[in-house]
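Student: Take this structure, written in structure tokens, and hold onto it; I'll ask about it next.
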Amino acid sequence: MDDTTGTRGRVLWRPPADAAEHTRIGAYLRWLAAERGRRFPEGDYGALWRWSVDDLDGFWRSVWDHFALASSTPVGPALADPSMPGARWFPGVALNYATHALRHDTGGPALIGLSQSRPRVELGTAELRDRVARCRAGLARLGVGRGDRVAAYLPNIPETVVAFLATAGLGAVWSSCAPEFGTRSVVDRLRQIEPTVLLVVDGYRYGARTVDRAAEVAAVRAELGSLRATVTVPYLDPGARLDGTITWDELLDVPPEGAPPAVEVPFDHPLYVLYSSGTTGLPKAIVHGHGGILVEHHKVLALHNDLGPGDRFFWFSTTGWMMWNYLVSGLLVGATPVLFDGDPGHPDLGALWRAAAGEQVTFFGTSAPFLLACRKAGIVPSAEGDLSALRSVGSTGAPLPAEGFEWVYEAVGPDVLLSSVSGGTDVCTAFVGGCPLVPVRAGEISCRYLGAKVEAFDAAGHRVVREQGELVITAPMPSMPVGFWGDADGSRYRAAYFADHPGVWTHGDWITVYEDGACVITGRSDATLNRGGVRMGTAELYSVVEALPEVADSLVVHLEDPAGGPGRLLLFVAPVPGAEVDDELRRRIAAALRRELSPRHVPDEIHAVPGVPRTLSGKKLEVPVKRILGGADPDTAASRGSLADPDLLDAYAPFVER
């Protein structure tokens, strides 16, 4: 896609003529007309979006009322103070996230758990409620109360969801790390919040590999002096009980009628603590509130993802990524979350697609790198099983290039709604993505989400259209953090998002917004390439390089010249098995970049590496690699425990002297 010539990606999908009649957002529009007297021209999503960001109080109160959210106290205005940071939402409201998550009974399964460590698990509504009540009673027996922290070192399994909902019901604060996290990464996160109870597994299986976690659990417990109890969820060995712990069955061995009732808490009462990637320094402990998550996830899951009762919602995630929290919130709208724990590429990349067919998944969420890997491997999901129930495919974690869009419509199906979405742990949601009322163009994110005033700012802080700029949010959203844990005066929070443009949230991505609200994100602004005074995002470069059949992955870094010269653009290429980064491949890479992008995109050097370091959620580590190339020790450039393959960092150290 070339923004300078004005060309746009071709339209791959258009909303059916009756889309408004059969979607949740269509039902919302009819409700707005009947209950609020607000009518929007048919098919004019732009008018609906403009109202949603110009009348924040009216829009978010309509979300509350349309979804019949419950409070034991009167509900007044949605937005009492619109300032950023510090916006005050729904003052005086008392509620509980867990109560809303458990209120639907659609007659089918409430929760499905798929695993490479044990057989499939299915919980009905009554069984889920029973287990949550028993867990709530068990946690209360361990002394957990309102404001206490409960932490988990658990995989994406039903027990984790049960423990989270029980914690939330008590008004306690949840936080989780995936069991593939290294000891230091877990301690760096959890020690900040001083949990009183820790839930752990003995180990897990990842594909064909068995991973014992007993030693890591012991090391984490030794570092967390605040712990009063540890609970073992037997997973690798059904009879496991780690030393000095109680078992999951013992925790739940309480009659559900003995459970304390779910407590109602203020709108901004902490629900859970999520963490920034922690690739450098101590991860930020980001606090999200009950109410902000409740209203935001109702909006995005129902109105944008079109999820409701009868739907089966899958998003591949570990418990250390915000997409797990997003997935679990499918319960809020009556959908059935389909959990998966294991290697998504085992025994091959068709495994998740076969699982989606077997479970009749209606929304299949994954990462852009996974979709591109499937494309490169020649996977045809429609041939892996019956995907007739599938209505939508979601993609996040990295920008999805045009060829990824094309592949979905060729290999998955021409009628699915592909939602390439972007947001962040910081807001625990997406703020740009898809919508059943908006067309899908190759390489473009279809729209800005309702209630999310996303803009592009130039270097002077002016709004720009059809031009690459800094992604900012110029009006508050309810799911912006309550704050950072331990940041009593809010200084770290303000520095993280509001230092560049006071009163405006700066997110750290490059974005181009078109007149119709569609947009393109071209990478992190802190990993910008600057060649000859022209700022370039990394996403489009990766799209070209990784389209070559010999390239498995790539990473690009620009090293500035302190003397003011042009600097050096370095491209690192991980070849597919059997391929070689030789002079011929270097020539073809350079030619493709010159032809499809510009001469400025042609690197000064192209080097072979065994792989590209990524976080556990799949993000490339451009900035830490740049630090290593500047002479930083790989052990200090990034937190190894937060990486999928930490040893890959060492592959870049030999290039420092070059």
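Student: Take residue 86 and decide whether it is more than 25 Å from the chain's Cα centre (by Cα), open to solvent by 20 Å² or more (accessible area, probe 1.4 Å) and at positive phi. Give the steps one after another, and end with the answer.
Tutor: Details: more than 25 Å from the chain's Cα centre (by Cα): no; open to solvent by 20 Å² or more (accessible area, probe 1.4 Å): yes; at positive phi: yes.
For residue 86, the condition - more than 25 Å from the chain's Cα centre (by Cα), open to solvent by 20 Å² or more (accessible area, probe 1.4 Å) and at positive phi - is not met.
Student: Okay, next question. Which is modelled with pLDDT of 95 or more, within 25 Å of residue 188 (Cα to Cα), buried (at least 24 other Cβ atoms within 10 Å of the Cβ) and touching a strand residue (DSSP E or B) at 6+ places or on another chain (Cβ under 6 Å), of 271, 307?
Tutor: Details: 307 fails: within 25 Å of residue 188 (Cα to Cα).
When all the criteria are applied, what remains is 271.
Student: Report every pair of residues separated by at least 6 positions or lying on different chains whose Cβ atoms are under 6 Å apart, first residue within segment 494-515 and at positive phi, second among the small types (Gly, Ala, Ser) and open to solvent by 10 Å² or more (accessible area, probe 1.4 Å).
Tutor: Correct list of pairs: 508/525.
Student: Here's a follow-up. Of the residues 356, 373, 398, only one is assigned to a helix (DSSP H, G or I), surrounded by 21 or more Cβ atoms within 10 Å (Cβ to Cβ) and among the small types (Gly, Ala, Ser); which? Can you show your working first?
Tutor: Details: 373 fails: surrounded by 21 or more Cβ atoms within 10 Å (Cβ to Cβ); 398 fails: assigned to a helix (DSSP H, G or I).
Unique residue meeting the criteria: 356.
Student: Quick check on my filter: what residues within segment 320-347 are in a loop (DSSP other than H, G, I, E, B) and more than 22 Å from residue 643 (Cα to Cα)? Step through it out loud before you land on a result.
Tutor: The initial filter retains those residues of segment 320-347 that are in a loop (DSSP other than H, G, I, E, B), namely 320-321, 334-335, 342-347.
Hits for segment 320-347 are 334, 335, 347.
Student: Out of curiosity, is residue 302 open to solvent by 10 Å² or more (accessible area, probe 1.4 Å), more than 18 Å from residue 618 (Cβ to Cβ) and hydrophobic (A, V, I, L, M, F, W, C)?
Tutor: Numbers: open to solvent by 10 Å² or more (accessible area, probe 1.4 Å): no; more than 18 Å from residue 618 (Cβ to Cβ): yes; hydrophobic (A, V, I, L, M, F, W, C): yes.
No, not satisfied.
Student: Inspect segment 456-466 for any residue being closer than 24 Å to residue 394 by Cβ, surrounded by fewer than 23 Cβ atoms within 10 Å (Cβ to Cβ) and of a type in the set (Lys, Arg) and give the result as yes or no.
Tutor: No: zero hits.
Student: Consider segment 233-259. How many of its residues are under 20 Å from residue 148 (Cβ atoms) and either open to solvent by less than 40 Å² (accessible area, probe 1.4 Å) or among the β-branched types (Val, Ile, Thr) (or both)?
Tutor: Of the residues in that region, 8 qualify.
Student: Identify the residue in segment 467-493 that is part of a loop (DSSP other than H, G, I, E, B) and without any contact (Cβ under 8 Å) to a residue 12 or more places away in the chain and, among all such residues, is surrounded by the most Cβ atoms within 10 Å (Cβ to Cβ).
Tutor: Residues of segment 467-493 that are part of a loop (DSSP other than H, G, I, E, B), as a first pass: 467, 474-482, 485-490.
Imposing the further condition that a residue be without any contact (Cβ under 8 Å) to a residue 12 or more places away in the chain reduces the set to 487-489.
Details: 487: 17, 488: 9, 489: 8.
It comes out as 487.
Student: For the subset of segment 92-109 comprising residues that are of a type outside the set (S, T, N, Q) and more than 24 Å from residue 292 (Cβ to Cβ), which member is surrounded by the fewest Cβ atoms within 10 Å (Cβ to Cβ)?
Tutor: Initial filter on segment 92-109 (of a type outside the set (S, T, N, Q)): 92-95, 97-98, 100-105, 107-109.
Of the ones still in play, those that are also more than 24 Å from residue 292 (Cβ to Cβ) are 105, 107-109.
Numbers: 105: 14, 107: 9, 108: 14, 109: 18.
For segment 92-109, the residue satisfying everything is 107.
Student: Restricting attention to segment 170-206, and to residues there that are modelled with pLDDT of 95 or more and of a type in the set (Gly, Ala, Ser), which single residue is most open to solvent (accessible area, probe 1.4 Å)?
Tutor: 176
Student: Here are some conditions: (1) buried (at least 22 other Cβ atoms within 10 Å of the Cβ); (2) among the hydroxyl-bearing types (Ser, Thr, Tyr); (3) at pLDDT 95 or above. Residue 367 meets all but one. Which one does it not meet?
Tutor: Answer for residue 367: the failing condition is (3).
Student: Please give the helices (runs of 4 or more DSSP H) falling wholly within segment 1-104 in which 1 or more residues are among the polar types (S, T, N, Q) and under 30 Å from residue 467 (Cα atoms). Let's see the steps before the verdict.
Tutor: Values: elements: 19-22, 24-31, 45-54, 56-66, 97-101.
It comes to 45-54.
Student: Specify the residue that is nearest to the chain's Cα centre (by Cα); the eligible residues are those in segment 376-395 that are crowded, with 23+ Cβ neighbours inside 10 Å and among the aliphatic types (A, V, I, L, M).
Tutor: First, the residues of segment 376-395 that are crowded, with 23+ Cβ neighbours inside 10 Å: 381, 390, 393-395.
If we keep only those that are among the aliphatic types (A, V, I, L, M) too, we end up with 390, 393.
On the way: 390: 21, 393: 14 Å.
Looking at residues that are crowded, with 23+ Cβ neighbours inside 10 Å and among the aliphatic types (A, V, I, L, M), I get 393.
Student: From the list 409, 449, which residue is farther than 13 Å from residue 511 by Cβ, at pLDDT 95 or above and surrounded by 24 or more Cβ atoms within 10 Å (Cβ to Cβ)? Quick ask: steps written out before the conclusion?
Tutor: On the way: 409 fails: surrounded by 24 or more Cβ atoms within 10 Å (Cβ to Cβ).
Criteria check complete, one pass: 449.
Student: Could you please tell me which pairs satisfy a Cβ distance under 6 Å, a separation of 6+ or placement on different chains, a first residue in segment 246-269 that is touching a residue at least 60 places away in the same chain (Cβ under 8 Å) and part of a loop (DSSP other than H, G, I, E, B), and a second residue that is of a type in the set (Gly, Ala, Ser) and open to solvent by 70 Å² or more (accessible area, probe 1.4 Å)?
Tutor: These pairs meet every condition: 264/72.
This table checks each residue for (1) more than 28 Å from residue 396 (Cα to Cα); (2) out of contact with any Leu (no Cβ under 7 Å at 6 or more places or on another chain); (3) exposed (fewer than 15 other Cβ atoms within 10 Å of the Cβ); (4) at pLDDT below 90.
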| residue | (1), (2), (3), (4) |
| --- | --- |
| 589 | no, no, no, no |
| 594 | no, yes, yes, yes |
| 599 | yes, yes, yes, yes |
| 604 | yes, no, yes, no |
| 611 | no, no, no, no |
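Student: Would you pick out the residues in segment 26-72 that are touching a residue at least 60 places away in the same chain (Cβ under 8 Å), closer than 19 Å to residue 300 by Cβ and either open to solvent by 50 Å² or more (accessible area, probe 1.4 Å) or among the small types (Gly, Ala, Ser) (or both)?
Tutor: Filtering segment 26-72 for residues touching a residue at least 60 places away in the same chain (Cβ under 8 Å) gives 26, 28, 43, 45-46, 48-49, 52-53, 56, 59-60, 63-64, 67, 69, 71-72.
Checking which are closer than 19 Å to residue 300 by Cβ leaves us with 26, 28, 45-46, 48-49, 52-53, 56, 59-60, 63-64, 67, 69.
Once the filter is applied, which keeps residues that are touching a residue at least 60 places away in the same chain (Cβ under 8 Å), closer than 19 Å to residue 300 by Cβ and either open to solvent by 50 Å² or more (accessible area, probe 1.4 Å) or among the small types (Gly, Ala, Ser) (or both), segment 26-72 yields 26, 46, 52.
The values are calculated or read from the model by the stated rules, or taken from the named source; none is laboratory data. Given the structure is predicted, the values throughout are model-derived calculations rather than measurements. Don't worry about glycine lacking a Cβ; one is built from the backbone with ideal geometry, like all the others, and counts go over all protein chains shown. Please note that ligands, DNA and RNA were not included when accessible areas were found on the heavy atoms of the full protein model with its side chains. Shrake-Rupley method; radii C 1.70, N 1.55, O 1.52, S 1.80 Å.
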